[in-house]
């Protein structure tokens, strides 16, 4: 939905299953319209669309005219699309995803062509006068980079190729389109400092000619897991002249790793997604674990020094209050919204992203998925209202 100061808010439909277009569209009809009826029944409703490679390819096929049919569906239901999540390329629910979510990475031509297809779609869907964004992974997963120089050069070349495509679409349509790279724990770049270093390397090759079309998708869960403060992280990016393409409003788990909280944390182990853990010690040093079971096993076997705090890359509902000694990182979301309140022009795209519905412990689920999303909207809209970013 459109807020004050030309801000736009949606939830990301990666919470729903859907790899092919028909399955994706069925989820839009079943869930998105129900959420719209609950939170915005009489106003234009924004959709944060997730399209995997198969759905994107099918939507772009000229035979059948699915893209034109979808545009008419959006008009019929008073909906619009302003952003597409292009991080997960393939299946994202119901089976092991883990580190495979990074594949193909930006060393691959498949990732390039997929992302260009997403921009062809968003250029057709986003209404005139509204920016269109696509978010993607931070180049690769750290473990996949075995030759920093060669693989890094390939990633930069492929991203530049994509940026050229976006620029041509911008010139053709007159629309402001941009790609947001999403720093994530154990991604090729994960902190704001690493992100700035990547952009410096990219500019050494291509100058600043892509600054308008290449930016950052700032995920509040991810930067909170890295123990960054909103003022420092956002400041690092803006001071480096990096565009904030989109803000993912998402919350992580945090805890003091005592016996009670570690027992409670055990229920968050699951076999689908990667849940990186970053432990902070008394001296400020950090220990990173690839996945939650690795951290829990190391703690049980006393293979890791005692830490003051753990933060876990597990997206939990924005309104939730986990029990058993566990807490959340909603303060990071609030800090970012304070920055937006002071300067709304920093970023116009806000997207709630809690894709973990199917693997959440029952006590964190709020009824069915539509009710859950309604609760998340309620929490976010309250935060925005308190900052004068949405009118009652």
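Computed from the coordinates by the stated procedures, all read-outs in this text should not be read as laboratory data. All figures in this text were calculated on a predicted structure; none of them were measured in a lab.
Observations
- Per-residue [θ]222 nm for the chain (sum of -39500 (n - 2.57) over DSSP H runs n ≥ 4, rounded to 500): -12000 deg cm²/dmol
- Taking one quarter of the surface of the convex hull spanned by the alpha-carbon atoms of the range 143-193 gives a direction-averaged projected area of 4.3 nm².
- Annotation: Cα Rg of the range 214-358 relative to the compact-globule expectation 2.2 N^0.38 Å equals 1.08.
- Kirkwood Rh in Å, taken over the range 1-140 so that all alpha-carbon pairs contribute: 15.5
- Within a Gaussian network of the chain (alpha carbon springs, distance under 10 Å), most fluctuating of 199, 314, 25: 25
- Translational diffusion coefficient of the range 23-71 (Stokes-Einstein, Kirkwood radius from Cα pairs, 4 °C, 1.567 mPa s): 107 µm²/s.
- Computed over the chain with a Gaussian network model linking Cα atoms closer than 10 Å, the most mobile of 236, 297, 217 is 297.
- A convex hull fitted to the Cα coordinates of the range 276-392 yields 144 cubic angstrom per residue.
- Across the range 181-267 the C-alpha pair distances fall into 10 Å bins from zero in the proportions 16, 44, 24, 11, 5, 0 percent.
- Built from the Cα atoms of the chain, the convex hull projects on average onto 18.3 nm², one quarter of its surface area.
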